[in-house]
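Notes follow once the structure below has been shown.
Read the figures in this text as sums done on the coordinates, not as results from a lab. Please read these numbers as outputs of a predicted model, since none were measured by experiment. Here the Cβ positions follow ideal geometry from the backbone for every residue, glycine too, while neighbour counts run over all protein chains shown.
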Amino acid sequence: MGIMDTNFSRRGFLTSTLVAAAGVITLTACGSDSGGGGGDSRLVMTVWGGEVDKAAYQARIDALVEAYPEMSVTLQLILSDSYAQKVQTMIAGGSGPDIMQVAENVNVYSSKNQLLPLDEHIATAKLDLDSRFGPVGSVYSYEDTVYAIPDRSGAAILYYNKGLFESAGISAPTADWTWDDMLSAAQELTVPGERWGYAGAGWWPLWWSFAHQNGGAIIDEAGRPTADSDAVVEALQYCGDLVFKHKVVPSTIDYANMGTDMGGDPAFAAGLVAMNTTGFWNVGSLAEQDTVEWDIAPMWRGKEQAVATFGSGLAISRTAKDPALAFKAIDFLTSDKSQPLVISMKQDVPANVEVQQSDAFLSPSWMTDPVNMQAFPESSSFAFKSTFIPQWNEMQQAFTDGLADFWLGKQEAAPALATIQERLESIIPAK
Amino acid sequence: MATSLSPSATKPTEPPAPAAPVRRMSTSRKREARYFYLFISPWIVGFLAFMLGPMIASVYYSLTDWDTFTPPTFVGIDNYVRLFTEDPIFWKALGNTFYYAAISVPLGLVLGLWLAHLLNKQVRARKLFRTLIYLPTLVPLVATAMIFQMVLAPDGPLNGLLGWFGIDGPAWLLDPDWVKPALILLSAWGAGGATVLLLATMKGIPNEFYEAAEIDGAGSARQFRSITFPQVTPIIFFNLIMGLIGAFQIFSQVYILTSGGPNNASQMVVPLLFNEAFSYYRMGYASAISWVLFVIILLFTLVAFRTSRRWVFYETAMR
């Protein structure tokens, strides 16, 4: 008698199905335990980004494994949009990465004890964060404990269309430019309906730069929101006026008309805006094109010099199998032995200040025309430090929601920021 | 073992059947039943392991404060209380979802019925039109959304078209008042799926009905009302149920096109719960939202089923 001929009842069927289902669950649970056990030299490293990032990180891992042949590191590159979700699921499932790239949302994890404190490892390795990374040395700290080592760190810089500047007879921008200098240059370079002087400051790090230049701060050092202070309101209103009053910056509607997913970066590359402030990432692609003649400079100043920094660090997750080994890897990856690859692979600004000031960074071999790379180390001397609160994502959503009408020209800065401040106060609990 | 499907004769050791009447099945029917269970089992195992388990777990999590990293803390019905009394964004998202479902579902049905009726006529290039109408359903939603981003641009082709009629088109995705109609427009793009089902059913309506109606002097409108429509009501009902569920669960279009903006004007329930769970790490709260949504969908589906007796016509169930 085969299986199909045996006595078969509905109840029996359901029981066996349940048993099978339980089996599946048990097997899955066992699966996540495998690979445990101390002394495992296999490290999993998660990073986000695209093809350039993948190549750069892989090259650095190859160098790491060459230096420490006992290590084996698996790189997991995750698309930026889904990075946080994937890593969250990995950690919640008990199989988090050993080494994990973190940025502004670092304290989402550290505040929930998902990252290992690194102070002891730093002391053991005799690593001096301030001398290796300068002002960003302990940027990834929470309650005076370091949770990540800086890996990439570049200030927002000003990309300008050199060809347009020269034909308009405007001298090259410098760090001493004021808001007025910027505005008058932008006005001269604007051709209504065709070209705009400046790409604008709609993105948070950019209008926050204006706010800090004006003496304000979004979150004060105690971690409390100060988004409705006079200095912030004035700075944001100025950014809005560039769009709607002076019309030297494309509005959201203008960008939507340029095409799908348009913003300052592609608009600058297409010659539609003459000045754009953003991070390092366009240097590589702009160096490969001939449409736009360009250079970079540090961002202008307001009452003070201040600029946002884009960066990321490397952290060790709670589930790391061998934290000491993982730290050894991070130490190597952020040292002058690995960091030159960050620039030679056209990826980003290395966080290591020694490398940032070396010829490898200031005149990369792949750069055909001379570009003022000095703008990066120069900017990092006046970069402002954001307070990475654990509620970072909710705070960003509050700004996105609350400034929607403002960036459409339907609301002034003061009422918009007042509403946002109220929401931030409920999001960020007072200590 | 009242439910035993096998005759006790083949198994002498089996306890005697109780007094209740035992339905005896023929050998071929028994085999069919066994094959049924064999082939359905992957689905049932999958459902129990990957759907029912998480569903039951989420009932518990909806009563906790859980960030997915640290152990959940039991908070009773706090999440539900907060949801209904303290979260204006949830109400806004719920309102938007109702708005979207209330217009997009009937619109999809009417469009599908109209298109199917047109295609059912003996027109030239009927097959070409049929393909063209079904084609959008085959295009991945992500690609469609990207195209719509261009079509709906403030100076895009749609507003260009409206301009010919002297209408000054809105900024669609950027305008809080027009972003929901824009999403509804995108949903109408997918009416081809319903059209094909309805068309197939219309083709199956016996011609004798129309011939008889014609002899009785019924015009084309009357024929549609008294023959075509009643005959396709089961498919309309099917599309209504699927459309309702789909509309309440709208996610990708919002996620790709607007991220819920401007200022939550296009925020819907599922993208909202996704944010709560995966951006703000409030899995307990997100679970509560998902159960509220589940109950809402369940209620609407029940209402649809209840009222269906009045207008859905099944040939096999003549009353």
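Taking θ as phi - 60° and the Karplus parameters 6.51, -1.76 and 1.60, the scalar couplings of the range A:300-307 work out to 5, 10, x, 5, 10, 8, 6, 8 Hz in sequence order, x denoting glycine and proline. From largest to smallest, the equivalent ellipsoid semi-axes obtained for the range A:315-427 from the alpha-carbon gyration tensor read 37, 24, 11 Å.
Expressed as an acute angle from 0 to 90° and rounded to the nearest 10, what is the orientation of the C-alpha long axis of helix A:179-189 relative to the principal long axis of chain A? It works out to around 80 degrees. Judged by the ratio a/c of the largest to the smallest principal axis of the C-alpha gyration tensor, the range B:75-199 counts as oblate, that ratio being 1.5 or greater while a/b is no larger than b/c.
Magnitude of the charge dipole for the protein assembly as shown, about its Cα centre and with charges confined to Cβ atoms of Lys, Arg (+1) and Asp, Glu (-1), is about 5100 debye. The phi torsions of the range A:91-98, fed into the Karplus equation with coefficients 6.51, -1.76 and 1.60 and a -60° offset, translate into couplings of 5, 4, x, x, 10, x, x, 7 Hz, rounded to whole numbers, with Gly and Pro shown as x.
Seen against the Cα atoms of chain A and their longest principal axis, helix A:204-213 is set at about 50 degrees. Secondary-structure-derived ellipticity at 222 nm for the protein assembly as shown, considering helices only, amounts to -15500 deg cm²/dmol, per-run term -39500 (n - 2.57) for DSSP H runs with n ≥ 4. Shape summary: the range A:71-139 maps onto an equivalent ellipsoid whose semi-axes, from the alpha-carbon gyration tensor, are 24, 15, 13 Å in decreasing order. Its alpha carbons considered, the range A:234-368 gives a radius of gyration followed by a Dmax of 19.3, 58 Å. Counting only DSSP beta bridges with both residues in chain A, the antiparallel share comes to about 70 percent.
Report the far tail of the P(r) of the range B:211-268, meaning the percent of Cα-Cα pairs longer than 15 Å. Tail fraction, whole percent: 66. The GNM of chain A, with springs linking C-alpha atoms under 10 angstrom apart, assigns the highest mean-square fluctuation among A:144, A:336, A:130 to A:144. Here the Debye sum runs over all C-alpha atoms of the range A:335-386 as equal scatterers in vacuum, and log10 of I(q)/I(0) at q = 0.22, 0.24 Å⁻¹ comes out as -0.79, -0.91.
Mind telling me which of B:212, B:277, B:247 comes out most flexible in a GNM of chain B, alpha-carbon contacts under 10 Å? The residue with the greatest mean-square fluctuation here is B:212.
In terms of overall dimensions, chain A has a Cα radius of gyration and Dmax of 25.0, 95 angstrom. Within a straight-line Cα-Cα reach of under 20 Å, residue A:112 can be paired with the following aspartates and glutamates, leaving aside sequence neighbours fewer than 8 residues apart in one chain: A:98, A:104, A:120, A:143, A:144, A:394, B:65, B:67, B:276. Which of rounded, prolate or oblate describes chain B when judged by the alpha-carbon gyration tensor and an a/c cut-off of 1.5? In terms of gyration-tensor shape, oblate. Every Cα-Cα pair in the protein assembly as shown was counted, and those over 47 Å apart are 34% of them.
Shown in residue order for the range A:406-420 are the 3J(HN,Hα) couplings computed by the Karplus curve 6.51 cos²θ - 1.76 cosθ + 1.60 at θ = phi - 60°: 4, 6, 9, x, 9, 8, 7, 5, 4, x, 4, 6, 5, 4, 4 Hz (x for Gly and Pro). The antiparallel fraction among DSSP beta bridges confined to the protein assembly as shown stands at about 70%. In this structure, the amide hydrogen of residue A:73, modeled 1.01 Å from its nitrogen in the peptide plane, lies closer than 5 angstrom to those of A:43, counting only residues at least 5 positions away or on a different chain. Here the Debye sum runs over all C-alpha atoms of the range A:137-240 as equal scatterers in vacuum, and log10 of I(q)/I(0) at q = 0.11, 0.19, 0.21 Å⁻¹ comes out as -0.49, -1.06, -1.18. Helices in chain B that qualify as membrane-span-like (whole DSSP H runs, Cα extent of at least 20 Å along the helix axis, mean Kyte-Doolittle hydropathy of 1.6 or higher) are B:229-248. For residue A:146, nonlocal amide neighbours, meaning residues 5 or more places apart or on other chains whose placed amide H falls under 5 Å from its own, are A:118, A:119.
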